[in-house]
Every structure is written in C-alpha cells, then in structure tokens.
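Heads up: the structure comes next, in structure tokens.
The values are calculated or read from the model by the stated rules, or taken from the named source; none is laboratory data. Bear in mind that the values here come from a model prediction, so they are computed numbers and not experimental data. Methodologically, a virtual Cβ is constructed for each residue, glycine included, from the backbone with ideal geometry; neighbour enumeration extends over all protein chains shown. Surface areas here come from the heavy atoms of the whole protein model, side chains and all, with no ligands, DNA or RNA. Shrake-Rupley method; radii C 1.70, N 1.55, O 1.52, S 1.80 Å.
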Amino acid sequence: MKKYILSFVLMAMGAALNVYAGENDPVKHGNAIRGHVIEKETEEHLPYAAILIVETGEGTISDETGHFKFKNIAEGVYTLRVQLLGYATQEKKLTVSKEYTTDVHFAMVEEGIMTEEVVVSANRNEVSRKEAPVVVNVMSAKLFESVNSTDLAKSLNFQSGLRVENSCQNCAFPQVRINGLEGPYSQILINSRPIISALSGVYGLEQIPTNMVERIEVVRGGGSALFGANAVGGTINIITKDPINNSFQVTSTMSNVNGDVWEQYMGANASLVSKDNTYGIAVYQSYRNRNPYDVDGDGFSEIGKLNMNTFGLRAYYRPTQFGRLNVEYHTTNEFRRGGNKFDLEPFETDITEQTKHVINSGGLSYDLFWNEYKHKVSFYTSAQHVDRNSYYGAQQDRNAYGKTQDLTFVGGGMYVGNFDKVLFSPATFTAGLEYQDNNMHDIMAGYNRDLKQEVRIASAFFQNEWKMEDVTLLAGFRLDEHNLIENLIFSPRVNMLYKPSDAFQGRLTWSTGFRAPQAYDEDLHITAVGGEGVLIHLAEGLKPEKSNSFSGSVDLSGQIGHFQTNLLIEGFYTSLKDVFYLQNVGADAYGNTLQERRNGSGAKVYGVNLDGKIAHGRDASLQAGFTVQQSRYDELTYWSEDASVAATRNMPRTPNCYGYFTFTAAPFKNFDLSLSGVYTGKMYVPHFAPTDDIPAGFPYTYIQKDELVHTPDFFDFNTKLNYTFVLNAHLKIQVNGGVQNIFNAFQKDLDKGTYRDSGYFYGPTQPRTYFIGIKLFN
C-alpha cells in the first residue's frame with residue numbers, strides 16, 4: 001500500500017513541476033483561442049479555473065495570472081465554458097478562424113450556491129442543471145470533505161429523499177432508500193453504466209471511496225428511466241474523476257469510535273494531461289482499516305472489522321479533434337467480518353459473518369462527432385467480475401462457508417442529433433441499443449443452497465426533446481426484453497420543463513418501471529436470528545412488480561441583498577402493483593429460517609421533498625433538506641409466520657419524516673469550518689424472536705414473539721474544522737479534525753448475545769467518532 005502512495009506522490013509532484021511548462025510558448029496567429037479569467041468585483045486574476053470547449057470536450061486550466069490558451073483548433077463556432085468552485089459557471093460563443101487568434105475574457109461572479117452544474121442523468125446528454133427537464137441533484141467533492149465522508153454510504157444521507165441504513169448488526173450491510181423505497185428499487189450507475197449487480201450491491205455503497213468520485217447525480221423517482229426501467233425509486237449516477245489538469249492530492253485520516261477502537265484511512269489522487277490535451281489520465285488509490293466495535297458490551301460487534309484496498313484510473317485519448325476514446329479500470333480487495341471471537345476461526349465462534357471480495361471492473365467507450373458537433377454517436381462496453389468467499393454461520397457451524405462468482409457485462413451504442421426543427425421547434429433526438437448480461441453462481445453448502453441465476457436484458461430506447469422559448473418537452477420510451485419476464489416491457493416517460501427565467505423552473509414528470517422476479521442484494525446475504533441463519537427464496541409464480549411514478553416541482557433562485565438563495569419543492573407519487581414483500585414461512589430441513597419473497601396487492605408511496613440553500617459568497621453557506629412522506633401497502637400484509645402477530649399496512653423501515661443540513665463558513669483566511677446533521681424520524685422495524693429454545697441460565701433475555709417496533713427518532717450532529725498552510729504557489733497542507741455524531745445518537749435496544757436478531761438494527765450507522773486528518777495537495 002505504501003509503495004502505491006509513494007509512487008503516486010512522486011508522479012504527481014512531477015506533474016506539478018510541469019503543470020505550467022510550455023505556457024509561454026507562442027500561439028500561432030490562427031486556429032487558436034486565448035483568454036483571461038478574472039473576478040468581476042475585484043478584477044483579480046483567477047488561477048485554476050477549468051475551461052472547456054463544449055463541442056469537442058477539450059479542456060485546460062487558467063494559469064497563475066488567470067490566462068489560458070488553446071492551439072490547433074479547427075475553424076468553426078464553439079461554446080467555451082468556464083467553471084471555478086465558488087463562482088457561477090459562464091459560457092460564451094466564439095468563432096475560430098485560421099486568419100487570427102480569437103481573444104475572450106471572462107469576469108466571474110462569486111456564487112455560494114451552484115445551480116448551473118452540468119449533468120448527464122436527466123436525458124443521457126450533457127446539459128446545464130437549470131435546463132434539464134428532470135430534477136437532478138448534485139453532490140460534489142466539496143460536500144464529501146465537509147461531512148468527512150470516505151465512502152458512498154456516508155455521503156448519500158445529505159440529500160433530501162435519500163436515506164442510508166445498515167440492515168445487519170453483524171456485518172453492517174448498507175443500503176440506500178430513495179423516496180422511502182428500499183435499495184433494489186433504485187439503480188446505481190458508474191459513469192452512466194448499470195454495472196452494479198445484485199451481488200456487488202450487497203456491500204457496494206461502502207466499497208466505493210469518495211476520492212474516486214467527481215460528483216454524484218441523483219434523480220429521485222423514475223424520471224431517468226432511459227438508464228433502466230428498474231429505476232423505480234430513483235437513479236444514483238456516480239461520475240468518476242476525469243483528468244482535467246495536472247494535479248495531485250494525498251490524504252490521511254485517523255478516526256476513533258467513542259474512545260475505544262481506531263479506523264485508518266489513506267487516499268491518493270493524481271492527474272496528468274498532455275500539453276495539447278490529446279491524452280490524459282487520472283488515478284486514485286485508497287486504503288481503509290477499521291477495527292470491530294461492540295456498542296453494548298455483549299462481546300458481539302455492531303460495527304464489523306473492515307480492511308479494504310481500492311485502485312482505479314480513468315483516461316482518454318483523442319485520435320482526432322472529433323473523436324475521444326475513454327478507458328477506465330477499478331479494482332477492490334476487501335475483507336470484512338462481524339460477530340464475536342475475532343481471534344478464532346469463523347467456525348469456532350458463536351456468530352460470524354465474513355466475506356472476502358475481489359472485484360475488478362472496467363469500461364471502454366468511444367465518442368465521435370460530426371457536422372459541427374451537432375451529431376454524435378457513442379459506443380460503450382463495461383464489465384465487472386466479483387469473486388466472493390463467505391462465511392455466514394452460527395453455533396460453530398463448520399459448513400457455513402460459501403463461494404460466489406458473479407460476472408456482469410454491459411454493451412451498447414447511442415446516437416444524439418441536434419436538429420433545427422422537428423415538427424414545431426428545435427429538438428435533440430436520442431436513440432440507442434443496450435445489452436446487459438449477469439451470470440451469478442452462489443454456493444453455500446451449509447445452507448443447501450446452489451443458486452444459479454442468469455439475467456439477460458436487451459433494450460432499446462428513444463426520446464425526443466423539443467426546446468421552445470420557455471418550455472422544454474421530452475417524450476421517450478424504453479423497450480426491455482428480460483429473460484425472466486414473458487412479455488416485452490414497454491416503459492414510456494414524459495417530462496416537461498417550464499422556464500420563463502433563470503430564477504424559475506417548473507417541472508412535471510411521468511414514468512413507468514418494473515422489478516423482475518429475481519434474487520436481489522439482500523437475498524445474497526444471510527442474517528442470523530436466534531443463532532440460526534435466515535434464507536430468502538422466491539415464491540413459485542412470482543410476478544414482476546410494476547410501477548407508475550408522477551412528480552412535480554418548483555425550483556426558485558434569487559438574490560436577497562448579498563445572499564444568494566435557492567428553494568426546491570418537489571411532490572412525488574409512486575403506485576406499485578404486485579409489490580414484493582417478505583414473509584417468514586417456517587424452517588427448512590436443516591433448521592434454517594425461511595423467508596419467502598411474495599407478491600402483495602400493491603402499495604403507494606407519496607410525499608414532498610424540500611431543499612433550501614442560502615449563501616453569502618464563499619464566506620458562509622447553509623443547505624438543508626427535509627422529506628415528509630407515506631409508504632403504505634394497499635392491503636394488510638403479513639410479515640410473520642406467527643398468526644397471532646398483527647399484519648400491517650406500513651412499509652417497514654421507512655420513516656415518515658427525515659432530513660439533513662450542512663453549514664460551511666470561512667470566517668478567517670485559510671480557516672474554515674463545517675457543521676452537518678441528519679434527522680431520522682420514527683418508523684416501524686420488524687423484530688424477530690429466537691426460533692430455538694434459550695438455554696437455562698443464559699445471561700440475556702429476548703422477546704417471546706415477533707413484533708413490529710415503533711422506533712424513536714434520532715438526530716446525528718457533526719462538526720469539522722480545517723486550516724490550510726500555503727507552502728508555495730503549487731503546494732498546500734491542510735490539517736483537519738472534528739467529531740461525528742457528537743451526541744452519540746444510537747440505537748439503545750439492540751439484541752444481545754448469541755441468539756440476537758442481527759437484522760434488528762436501525763437509526764444512525766455510527767456511534768460518536770473523533771477524527772483528525774492531514775491533506776497534501778497542489
């Protein structure tokens with residue numbers, strides 16, 4: 001691990017020494033762009049601004065004096081986009097000629113709220129967030145730093161409508177819920193590709209480090225159905241870091257949980273770009289080691305042991321001005337274990353859940369433009385292989401070992417055309433074909449499970465986006481041929497944007513979706529209840545689950561004195577037919593508890609998301625979000641095999657109210673602070689009684705029969721302080737520290753001992769944690 005970090009540092013420092021090499025080369029008189037970036041109020045030079053030629057994707061950064069240059073640009077009309085953290089994005093049209101150098105100047109306006117980020121999750125094309133016909137919320141690297149997040153699971157709570165929970169007391173199996181719908185209702189993409197399989201989704205949120213992520217785009221509801229009609233709850237699109245300039249960063253953080261156990265994190269990033277932007281590469285490496293933590297002193301962990309190494313890269317090459325070849329690769333090697341007696345082999349313990357993952361994934365894509373960049377074709381392919389060795393066992397079971405192999409492949413092509421007129425207005429037409437294949441083989445001899453599952457989906461999608469003066473209308477559909485569903489699946493979507501000004505956007509969305517009758521992430525995880533394993537299997541004749549989703553929103557931006565403000569109000573309604581639910585159905589021949597995935601009559605999920613932001617330049621910024629919702633089955637649904645346990649219409653593990661806030665401030669030069677918090681409202685959580693008789697004299701007591709517990713609410717409050725030492729123009733050191741979950745808001749009624757229900761776990765995922773860190777960057 002240390003040699004990887006050292007090699008990154010040496011390579012990155014070499015990049016830093018050459019970052020401005022060649023900046024003084026003379027620009028030829030023609031086929032060139034020369035520019036200057038300044039701050040509007042003070043007219044000071046702005047270094048490190050990112051400048052992009054939108055049509056070609058070619059980019060550079062401004063130097064110490066705010067100047068930048070592009071050479072060897074073909075004649076034509078181009079759009080130049082300038083972005084710099086803390087300033088409003090600007091775009092200008094310009095003409096490049098072979099006869100002269102084109103000069104352009106940008107006077108940047110300070111902005112505390114980023115409302116014009118470029119997103120791709122709305123319609124598969126790059127578009128300003130304000131122009132997108134679907135609400136796309138963006139989570140940036142700045143947010144990850146302010147809340148001290150090292151992985152995806154710790155980040156997603158800071159967005160309204162999203163909530164991350166741990167579903168297992170032993171191994172901390174995380175899942176994200178969007179608008180109240182559990183994890184399998186949502187789709188997680190990496191660079192717009194559906195490469196996260198059911199198996200890799202089990203622990204996937206913790207296996208994605210934030211130092212590989214440029215931003216996360218979130219579409220709540222089914223408004224982004226072109227990425228897959230199974231995105232019923234929503235889409236989380238992870239955009240990895242792209243090489244833009246020569247840079248490096250090394251971070252190290254030490255955390256201590258409640259003064260008892262330690263966690264170490266180290267991360268490194270480096271980016272290299274050629275002088276003429278013909279090629280570039282961005283690499284990252286992260287290392288994480290967490291010791292197990294026992295919250296209630298019963299000898300069993302609530303936070304498991306974790307050791308993880310990740311490495312990845314993203315690179316591009318431009319063979320011509322009109323083409324770009326992209327390649328990416330990611331690998332993760334992870335060990336995690338929960339339970340008790342960590343110094344013994346798993347089969348010598350009372351409970352152990354242990355997995356070893358080796359994950360390799362990669363992708364290749366090629367984009368080709370023509371006709372002055374009005375048309376584009378893209379071809380892409382991605383693959384992921386997961387090798388998992390596991391132990392899910394209790395009561396010194398020697399046969400609870402398992403092995404799983406999982407291979408996912410995605411390939412496709414897409415065409416995008418911009419036309420001056422289609423029927424009644426200018427329009428952008430998008431069409432594509434996509435094929436997905438997932439082969440999984442899960443063997444757990446101790447549970448008599450040999451599960452082979454192949455999922456094949458052949459898809460076609462079409463959409464047209466009409467752009468009128470104040471209105472954008474998007475209509476499209478997706479066709480899916482799924483090998484586990486008899487008929488072809490037709491999933492239409494309609495979106496409308498009303499934008500009379502930059503300060504107001506109104507949106508309406510309707511879409512449909514489905515979930516196939518297949519094994520999902522939680523089915524591939526075995527929870528221990530009462531000292532026995534709990535297995536999930538599919539009922540005979542299980543039908544696909546179908547959905548209808550509606551949403552409407554108003555997005556308002558404005559200026560109040562020196563303060564910039566933004567308010568988003570979004571209402572949502574999702575109707576589910578033949579909804580999946582789990583019911584205990586007794587035990588198998590080996591004594592393991594069985595839960596069966598069945599079809600219910602239906603369910604409704606509806607509510608309101610509120611997001612508010614207010615900022616005073618870069619001095620101070622407050623962002624908060626809150627969700628009020630209902631998640632209800634249409635009819636009473638039985639969840640326990642005990643006939644005396646009442647049925648319920650409430651979807652379990654779904655609070656009616658939840659929210660978050662973040663506050664950042666820079667009161668002094670080189671010093672900044674952040675405060676953040678997450679509120680989790682009351683909810684109903686199933687609590688299962690032990691199925692075995694408890695030995696006489698056992699030190700812990702358990703419930704006598706299954707019950708649906710109405711939990712308390714929680715408020716998880718965090719703080720972080722940073723100070724940056726500027727060593728020279730190209731090197732800085734930041735020292736930081738803080739406390740997460742200051743008031744130690746954590747579940748108080750955990751089951752204890754060998755016969756505990758490890759799935760009875762709710763609320764904040766981490767007790768009070770102190771941390772201190774250092775970051776070296778340019």
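Criterion first (within 30 Å of GLY432 (Cα to Cα), among the β-branched types (Val, Ile, Thr) and touching a residue at least 12 places away in the same chain (Cβ under 8 Å)) does ILE281 satisfy it? Show your work before the answer.
Details: within 30 Å of GLY432 (Cα to Cα): yes; among the β-branched types (Val, Ile, Thr): yes; touching a residue at least 12 places away in the same chain (Cβ under 8 Å): yes.
Judged against the criteria, ILE281 is a match.
Which of the residues spanning the stretch 454-491 are in a strand (DSSP E or B), open to solvent by 20 Å² or more (accessible area, probe 1.4 Å) and not aromatic (Phe, Trp, Tyr)?
Listed by number, the residues that qualify are GLU454, ARG456, ILE457, ALA458, LYS467, VAL471, LEU473, ALA475, LEU479, GLU481, ILE489.
Would you point out the residue of the stretch 696-732, among those that are at pLDDT 90 or above, part of a loop (DSSP other than H, G, I, E, B) and among the β-branched types (Val, Ile, Thr), that is most open to solvent (accessible area, probe 1.4 Å)?
ILE703
Would you mind telling me which numbered condition in (1) at pLDDT below 95; (2) farther than 18 Å from PHE409 by Cα ASN333 fails?
Every listed condition holds for ASN333 apart from (1).
Could you grab me the full set of residues in the stretch 719-751 that are among the charged types (D, E, K, R) and touching a Ser or Thr at 6+ places or on another chain (Cβ under 9 Å)? Outline the logic, then answer.
We begin by selecting, within the stretch 719-751, every residue among the charged types (D, E, K, R); these are 720, 732, 748-749, 751.
Those that are among the charged types (D, E, K, R) and touching a Ser or Thr at 6+ places or on another chain (Cβ under 9 Å): LYS720, LYS732, ASP749, ASP751.
Being touching a helix residue (DSSP H, G or I) at 6+ places or on another chain (Cβ under 7 Å) and either within 30 Å of ALA270 (Cα to Cα) or of a type outside the set (A, V, I, L, M) (or both), is that true of even one residue in the stretch 722-729?
Applying the first criterion (touching a helix residue (DSSP H, G or I) at 6+ places or on another chain (Cβ under 7 Å)) to the stretch 722-729 yields none.
No, there is no match, as no residue in the stretch 722-729 is touching a helix residue (DSSP H, G or I) at 6+ places or on another chain (Cβ under 7 Å) and either within 30 Å of ALA270 (Cα to Cα) or of a type outside the set (A, V, I, L, M) (or both).
Condition check ((1) closer than 30 Å to LYS752 by Cα; (2) in a loop (DSSP other than H, G, I, E, B); (3) more than 25 Å from the chain's Cα centre (by Cα)) across all residues:
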| site | (1), (2), (3) |
| --- | --- |
| SER252 | no, no, no |
| GLY259 | yes, yes, yes |
| ALA268 | no, no, no |
| GLY280 | no, no, no |
| ARG288 | yes, no, no |
| LEU325 | no, no, no |
| LEU344 | yes, yes, yes |
| ASN360 | no, no, no |
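Conditions (1) touching a Ser or Thr at 6+ places or on another chain (Cβ under 7 Å); (2) of a type in the set (A, V, I, L, M, F, W, C); (3) within 23 Å of GLY417 (Cα to Cα), marked per residue:
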{"position": "LYS467", "(1), (2), (3)": "yes, no, yes"}
{"position": "ASP470", "(1), (2), (3)": "no, no, yes"}
{"position": "ALA475", "(1), (2), (3)": "no, yes, yes"}
{"position": "ARG478", "(1), (2), (3)": "yes, no, yes"}
{"position": "ASN487", "(1), (2), (3)": "no, no, no"}
{"position": "TYR498", "(1), (2), (3)": "no, no, yes"}
{"position": "PHE504", "(1), (2), (3)": "no, yes, no"}
{"position": "LEU508", "(1), (2), (3)": "no, yes, no"}
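Could you grab me the full set of residues in the stretch 158-186 that are under 23 Å from ILE569 (Cα atoms) and either open to solvent by 20 Å² or more (accessible area, probe 1.4 Å) or in a strand (DSSP E or B) (or both)?
Selection gives LEU162, ARG163, VAL164, VAL176, ARG177, ILE178, LEU181, GLU182, SER186.
Within the stretch 617-646, which residues are open to solvent by less than 60 Å² (accessible area, probe 1.4 Å), closer than 26 Å to ASN566 by Cβ and assigned to a strand (DSSP E or B)?
Selection gives ALA620, SER621, GLN623, ALA624, GLY625, THR627, GLN629.
From the list ASN609, ASN584, which one is assigned to a strand (DSSP E or B), open to solvent by less than 30 Å² (accessible area, probe 1.4 Å) and at pLDDT below 90?
On the way: ASN609 fails: at pLDDT below 90.
The conditions single out ASN584.
Does TYR78 count as in contact (Cβ under 8 Å) with a residue 12 or more places away in the chain, surrounded by 20 or more Cβ atoms within 10 Å (Cβ to Cβ) and under 17 Å from GLN321 (Cβ atoms)? Before the answer, list the steps.
On the way: in contact (Cβ under 8 Å) with a residue 12 or more places away in the chain: yes; surrounded by 20 or more Cβ atoms within 10 Å (Cβ to Cβ): yes; under 17 Å from GLN321 (Cβ atoms): yes.
Spelling it out, TYR78 is indeed in contact (Cβ under 8 Å) with a residue 12 or more places away in the chain, surrounded by 20 or more Cβ atoms within 10 Å (Cβ to Cβ) and under 17 Å from GLN321 (Cβ atoms).
Among the residues of the stretch 322-341, which ones are in contact (Cβ under 8 Å) with a residue 40 or more places away in the chain, open to solvent by less than 50 Å² (accessible area, probe 1.4 Å) and within 30 Å of GLY59 (Cβ to Cβ)?
Passing the criteria: GLY323, ARG324, ASN326, GLU328, HIS330, THR332.
For the stretch 28-103, which fully contained strands (runs of 3 or more DSSP E) count at least 2 residues that are over 25 Å from GLU131 (Cβ atoms)? Give the steps one after another, and end with the answer.
Values: elements: 32-39, 50-53, 59-61, 67-70, 76-83, 90-96.
In the stretch 28-103, the matching strands (runs of 3 or more DSSP E) lie at 32-39, 67-70.
Take the residues in the stretch 28-44 that are open to solvent by less than 10 Å² (accessible area, probe 1.4 Å) and of a type outside the set (Gly, Ala, Ser), then tell me which one is farthest from VAL82 (Cα to Cα).
The qualifying residue farthest from VAL82 (Cα to Cα) is ILE33.
Just wondering, is there one or more residues in the stretch 297-315 that are in contact with a Leu (Cβ under 7 Å, 6 or more places away or on another chain) and surrounded by fewer than 22 Cβ atoms within 10 Å (Cβ to Cβ)?
First, the residues of the stretch 297-315 that are in contact with a Leu (Cβ under 7 Å, 6 or more places away or on another chain): 302.
The next check asks that each one be surrounded by fewer than 22 Cβ atoms within 10 Å (Cβ to Cβ); those that pass are none.
No, there is no match, as no residue in the stretch 297-315 is in contact with a Leu (Cβ under 7 Å, 6 or more places away or on another chain) and surrounded by fewer than 22 Cβ atoms within 10 Å (Cβ to Cβ).
Within the stretch 399-420, take every residue that is touching a Gly at 6+ places or on another chain (Cβ under 8 Å) and closer than 30 Å to GLY339 by Cβ and give me the one that is surrounded by the most Cβ atoms within 10 Å (Cβ to Cβ).
ALA400
Looking at the stretch 115-137, is at least one residue modelled with pLDDT of 85 or more, open to solvent by less than 20 Å² (accessible area, probe 1.4 Å), over 30 Å from GLY413 (Cβ atoms) and touching a Gly at 6+ places or on another chain (Cβ under 9 Å)?
no
Looking at (1) farther than 30 Å from LYS341 by Cβ; (2) charged (D, E, K, R); (3) open to solvent by 40 Å² or more (accessible area, probe 1.4 Å), find the lone condition where ASP749 falls short.
(1)
Answer yes or no: is there a residue in the stretch 651-667 that is farther than 30 Å from GLU635 by Cβ, among the polar types (S, T, N, Q) and surrounded by 20 or more Cβ atoms within 10 Å (Cβ to Cβ).
Among the residues of the stretch 651-667, at least one is farther than 30 Å from GLU635 by Cβ, among the polar types (S, T, N, Q) and surrounded by 20 or more Cβ atoms within 10 Å (Cβ to Cβ), which makes the answer yes.
Within the stretch 503-513, is even one residue open to solvent by less than 60 Å² (accessible area, probe 1.4 Å), modelled with pLDDT under 90 and under 24 Å from GLY201 (Cα atoms)?
yes
Being over 30 Å from ALA315 (Cα atoms) and surrounded by 16 or more Cβ atoms within 10 Å (Cβ to Cβ) is the filter here, so list the residues in the stretch 342-373 that pass it.
Applying the first criterion (over 30 Å from ALA315 (Cα atoms)) to the stretch 342-373 yields 342-355.
Within the stretch 342-373, PHE342, PRO346, PHE347, THR349, ASP350, ILE351, THR352, GLU353, GLN354, THR355 meet the criteria.
Restricting the search to the stretch 274-289, which residues are open to solvent by less than 20 Å² (accessible area, probe 1.4 Å) and closer than 17 Å to THR769 by Cα? Show your work before the answer.
Step one: filter the stretch 274-289 for residues open to solvent by less than 20 Å² (accessible area, probe 1.4 Å), giving 274, 277, 280, 282-286, 288.
Answer for the stretch 274-289, where residues must be open to solvent by less than 20 Å² (accessible area, probe 1.4 Å) and closer than 17 Å to THR769 by Cα: just ARG288.
Take the residues of the stretch 752-778 that are among the hydrophobic types (A, V, I, L, M, F, W, C) and open to solvent by less than 40 Å² (accessible area, probe 1.4 Å): which is farthest from LEU535 (Cα to Cα)?
First, the residues of the stretch 752-778 that are among the hydrophobic types (A, V, I, L, M, F, W, C): 761, 771-772, 774, 776-777.
From what's left, open to solvent by less than 40 Å² (accessible area, probe 1.4 Å): 761, 771, 777.
On the way: PHE761: 18, PHE771: 38, PHE777: 48 Å.
For the stretch 752-778, the residue satisfying everything is PHE777.
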